[in-house]
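The values are calculated or read from the model by the stated rules, or taken from the named source; none is laboratory data. On a predicted model such as this, the values are computed, not experimentally measured, just so you know. With ideal geometry, Cβ positions are generated from the backbone for all residues, glycine too; neighbour counts draw on all protein chains shown. Heavy atoms of the whole protein, side chains included, go into the accessibility calculation; ligands, DNA and RNA do not. Shrake-Rupley method; radii C 1.70, N 1.55, O 1.52, S 1.80 Å.
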Amino acid sequence: MDFEFIIEEFPGIWEGVPVTIGLFAWSLLYGTLGGLVLALMRLSRFQPLRALSAGITWVGRGIPPLIILFITFFVFPELGLTLERFPTAVLGLSLWTAVYQGEVIRSGIIGVDQGQWEAAEALGMSGRHYMRRIILPQGFRIMIPPYFGNAMTLLKQTSIASIVTITEITLLAQRVISFKFVSLEPLLTIAFIYLVLNTILQFAQMGFERTFRLRV
Amino acid sequence: MALVKVEGLHKSFKDNHVLQGVDFSVDQGEVLAIIGPSGSGKTTMLRCVNLLERPDDGSIEVDGKVLCAPGPDGKIAFAPRGEIRRAREEMGMVFQRFNLFPHMTALQNITEAPVNVKRVDKAAAKARARELLGAVGLGHKEDAYPMQLSGGQQQRVAIARALAMEPKLMLFDEVTSAVDPELAGEILLVMKRLAKAGMTMLVVTHEMGFAAEVADRVIFIDHGLIQEEGPARDLLSKPQQPRTQAFLKAVLERAPMAEDEDSRAAVAAPDETVEEMLLGHELHHEDEEEEA
């Protein structure tokens, strides 16, 4: 392994880190919001909403994220939705992660003890009120581990944006590989970057678990 | 004057017809105890009053407001959601498993609904919550989280939480069944004082001593129907129906109920036969061993 080469090429790849983080952060944000909407639709009293949410989840989980990305890049424009390249990538990754986070949020909500819903209803709370004040705060605790699991998967999956030429770290590493004819060093570099970013996420998860633990 | 009026209540869970036409009423200031064997429908009956359980048929009227009644087509019709919510504000409910909000302190549990449902001023709600905590003997526990409290303490917080809404009626669903026996007394004491203060109470309970002492009237329910009803002392000391007699004997003397054919057969079987079945081999009697 040539450390000098790594140091020499590192700044070029480093330029992609904000792009990778941006793809991840925006997709996680919109994916979480989308997931919340999907989860609430699935738990709605209104049957068509439940069916729509179940349908979206079924399709979204059934096809590869790369295909979803291709659809947002090549099919959506034909339907009249044309965005810049970066937002389009964020859209595809958001749609993909939303269906998974939707299931995580739903399982957190239905995982809250039935007695909590009953106590809240018996006190005359409205559905909106007890969802916000009673159910979701308790559901968070259940959601944290699978939510961060999905978030870490999303972080790694941002690498597929390289295929639609978003200049994130995987694409920049590939460029080094094809221009300099070395593969080990650039690949190790980006593997290391993904690992560090995911480690940060893992610490965030531990922090959240501490914050939302039950006081015993 | 009747505060609660229930007529022709029916409720099924799948094929299980839990309530098969129940009528009862509770007067202002009255304490009504509901007793009956497991699966008799007593808890379902209580949960129908605030519509945590939606009956399949019948009418429920609380404080002059109709919560459900047969509609013009004969099918049961419910009051709009908002009206049901407002009616629930007037009915405090205490559950067997406490159901305190585990992410809130005792004080927050009590102030949550007054502040966010009734829009009571926050400082006033806090002051009232402290007063209530003091009344149930937990003045020093306002910052404790539910899991830091014993079952008996949690249940008293739950009573305070329900009372904070200033209800006209309190529903108690086997509130001592999930606490250690030595902690039941302090819950029952709070309820006793509440009854003395004039609160209208509907109490599903296995505590016959409490029913005898505190309740004005007792309903015995079995197989989804009210089997016997009367003043507490009469019904508990001189039950008329054989089923009531068998139930009270089972509760007070721990006599086996033998409720179906299999359990009747097991109760009737010779002790030795069952002892051998329990151990999975023949009994070795000490005297036999001595002979050998």
### Message
It is to be established whether one or more residues within the range B:228-239 are open to solvent by less than 70 Å² (accessible area, probe 1.4 Å) and among the polar types (S, T, N, Q).
### Response
no
### Query
Within the bounds of the range A:83-92, is there any residue that is modelled with pLDDT of 95 or more, out of contact with any Asp or Glu (no Cβ under 8 Å at 6 or more places or on another chain) and either within 24 Å of A:Ala204 (Cα to Cα) or part of a loop (DSSP other than H, G, I, E, B) (or both)?
yes
### Task
Sort out which residues of the range B:100-114 are open to solvent by 10 Å² or more (accessible area, probe 1.4 Å), farther than 13 Å from B:Arg128 by Cβ and in a helix (DSSP H, G or I), and write them in order of number.
B:Gln108
### Message
I'd like the full set of residues that are in a helix (DSSP H, G or I), open to solvent by less than 20 Å² (accessible area, probe 1.4 Å) and within 14 Å of chain A (Cβ to nearest Cβ), limited to the range B:133-150.
### Response
B:Pro146
### Query
Which of the residues that make up the range A:183-216 are under 18 Å from A:Phe3 (Cα atoms) and loosely packed, with under 15 Cβ neighbours inside 10 Å?
A:Ser183, A:Leu184, A:Leu188, A:Ala191, A:Phe192
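Looking at the range B:202-213, can you tell me whether even one residue there is in contact (Cβ under 8 Å) with a residue 24 or more places away in the chain, touching a strand residue (DSSP E or B) at 6+ places or on another chain (Cβ under 8 Å), open to solvent by 20 Å² or more (accessible area, probe 1.4 Å) and outside any loop (DSSP other than H, G, I, E, B)?
Kept after step one, since they are in contact (Cβ under 8 Å) with a residue 24 or more places away in the chain, are these residues of the range B:202-213: B:202-208, B:210-212.
Those still in the list that are touching a strand residue (DSSP E or B) at 6+ places or on another chain (Cβ under 8 Å) too: B:202-206, B:208, B:210-211.
Imposing the further condition that a residue be open to solvent by 20 Å² or more (accessible area, probe 1.4 Å) reduces the set to B:206.
Then keep just the ones that are outside any loop (DSSP other than H, G, I, E, B); that gives none.
Within the range B:202-213, none of the residues are in contact (Cβ under 8 Å) with a residue 24 or more places away in the chain, touching a strand residue (DSSP E or B) at 6+ places or on another chain (Cβ under 8 Å), open to solvent by 20 Å² or more (accessible area, probe 1.4 Å) and outside any loop (DSSP other than H, G, I, E, B).
Yes/no per residue for (1) closer than 30 Å to B:Leu163 by Cα; (2) in a helix (DSSP H, G or I); (3) of a type in the set (A, V, I, L, M, F, W, C):
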site: A:Gln101; (1), (2), (3): no, yes, no
site: A:Ile105; (1), (2), (3): no, yes, yes
site: A:Trp117; (1), (2), (3): yes, yes, yes
site: A:His129; (1), (2), (3): yes, yes, no
site: A:Ile142; (1), (2), (3): no, yes, yes
site: A:Phe148; (1), (2), (3): no, yes, yes
site: A:Thr153; (1), (2), (3): no, yes, no
### Message
Checking the condition within 14 Å of chain A (Cβ to nearest Cβ), open to solvent by 20 Å² or more (accessible area, probe 1.4 Å) and either closer than 29 Å to B:Glu53 by Cα or within 16 Å of the chain's Cα centre (by Cα) (or both), which residue from B:Val157, B:Val117, B:Val175 passes?
### Response
B:Val117
### Message
The conditions are (1) in a strand (DSSP E or B); (2) within 14 Å of chain A (Cβ to nearest Cβ), and B:Ala87 fails exactly one of them. Which is it?
### Response
(1)
### Summary
If you go through A:Ile142, A:Ile163, A:Ile177, A:Ile134, the only one that is within 14 Å of chain B (Cβ to nearest Cβ), open to solvent by 40 Å² or more (accessible area, probe 1.4 Å) and of a type in the set (Val, Ile, Thr) is A:Ile142
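With under 14 Å from the mean Cα position of the chain (by Cα), crowded, with 23+ Cβ neighbours inside 10 Å, of a type in the set (Gly, Ala, Ser) and not in a helix (DSSP H, G or I) as the only criterion, which of B:Gly92, B:Gly39 stands out?
B:Gly92
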